[in-house]
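The values are calculated or read from the model by the stated rules, or taken from the named source; none is laboratory data. All of these numbers come straight from a predicted model, not from anything done at the bench. Note that we place each Cβ from the backbone using ideal geometry, even for glycine, and neighbour counts take in every protein chain shown. Surface areas here come from the heavy atoms of the whole protein model, side chains and all, with no ligands, DNA or RNA. Shrake-Rupley method; radii C 1.70, N 1.55, O 1.52, S 1.80 Å.
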Amino acid sequence: MRHTSRETSTTTLTRLIKALDAHHPVTITYLKEEKDENGRKTGQLVETVRTIEILDFTVSQAGDILLKAMDRESGESRSFRLDRLVAYTVHRSAYTVPRLTANEQNAPELATVTVLYAEEPSMTQGQQFAKTMRYFLSIGTRTRRDRKGLDLHRVIVDWVVTAAMERGTLPPAEEAIFASAFDAACAWIKDIKNGRGSWMVIEHIDGLSPYQFCALLGDMVDAGVNSSSAGRQYFAQMRADLLAQAS
């Protein structure tokens, strides 16, 4: 069993994405909001243990990172806030609960957060992200990916995940801008960092400078990458574009 308090948010997210990718169920210790006999929330959190089969990661309209999953006990779809995850164990067995259809997975209450910016209204949300992240990490056009032993691709993604999962760590303006790229960061972790995508796409993205990598994540934001499937589609189109350029 792994305790979320003993590892970074990015590590927790990476391991859960790997569980989703491999279709391995996960037993979680979760802080559930207690309800009274009339079904009204009391505001009290109680620990509960569930075994779930993760379907996707998304951001709620309130800005919370959610695990969308099938609950093995009830056989129904449930959403779990990642910040209320206390501990988890990834099993080596396979999924058994019937999966939801594509329409059911895109529940209306689980929408990607849209952030409106007062400054520079001509900039898209993704462009605002790229500009702010470059300024935040002092990234210029000549900045190399390796900075004193640190992989800046990983550092950029770490700050995106921190903004989305550890709210209050950053000033509100930067937190909102960085968190907008959370789904794009998840797609990078799953298909590029974990090596599940096309070798051509992985090689191309690994060769990007930090300046270009910020632009990539920003473009994914503007392209509407808000789920694992959307990330796969984005990288599939990138592969097609790279093949076209090579021909």
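Calculated FRET efficiency, Thr169 to Thr27, Cβ-Cβ distance, R0 = 30 Å: about 0.60 to the nearest 0.05. Between helix 228-246 and the chain, what is the angle of the helix's C-alpha long axis to the longest principal axis, kept within 0 to 90° and rounded to the nearest 10? The answer is roughly 20 degrees. Taking the accessible area of region 9-82, probe 1.4 Å, and keeping the other protein chains in place, the carbon and sulfur fraction comes to 41%. Here the accessible area is traced with a 1.4 Å probe on the protein chains. For region 139-189, carbon and sulfur cover 53 percent of it.
The value of relative contact order for region 1-81, using C-alpha pairs under 8 Å at least six residues apart, is 20 percent.
Label separation (Lys41 vs Ala236): 3.6 nm, computed from points 7 Å beyond Cα along the C-beta direction. Rounded, prolate or oblate for the chain? Axes are the square roots of the Cα gyration tensor eigenvalues, ordered a ≥ b ≥ c, and the cut-off for rounded is a/c under 1.5. Prolate shape, in that a/c is at least 1.5 and a/b is the bigger ratio. Legend: calculated FRET efficiency, Ser74 to Ser138, from the Cβ-Cβ distance at R0 = 51 Å, rounded to 0.05, equals 0.55. Short version: ³J(HN,Hα) in whole Hz for each residue of region 52-62, in order, from phi by Karplus 6.51 cos²θ - 1.76 cosθ + 1.60 (θ = phi - 60°), x for Gly and Pro, what are they? For region 52-62, the Karplus-derived couplings read 10, 10, 5, 9, 5, 10, 8, 10, 6, 5, 7 Hz, x marking Gly and Pro.
Heavy atoms of the protein chains alone define the surface here; on that basis the chain has 53 Å² accessible area per residue at 1.4 Å probe size.
Only helical runs count toward this figure. For the chain, summing -39,500 (n - 2.57) over DSSP H runs of n ≥ 4 and dividing by all residues gives -12000 deg cm²/dmol at 222 nm. Bridgeable lysines around Lys68 (alpha carbons under 17 Å apart, same-chain partners fewer than 8 residues away excluded): Lys18, Lys32, Lys190.
Against the chain, whose longest principal axis is taken from its Cα atoms, helix 152-165 shows a tilt of about 40°.
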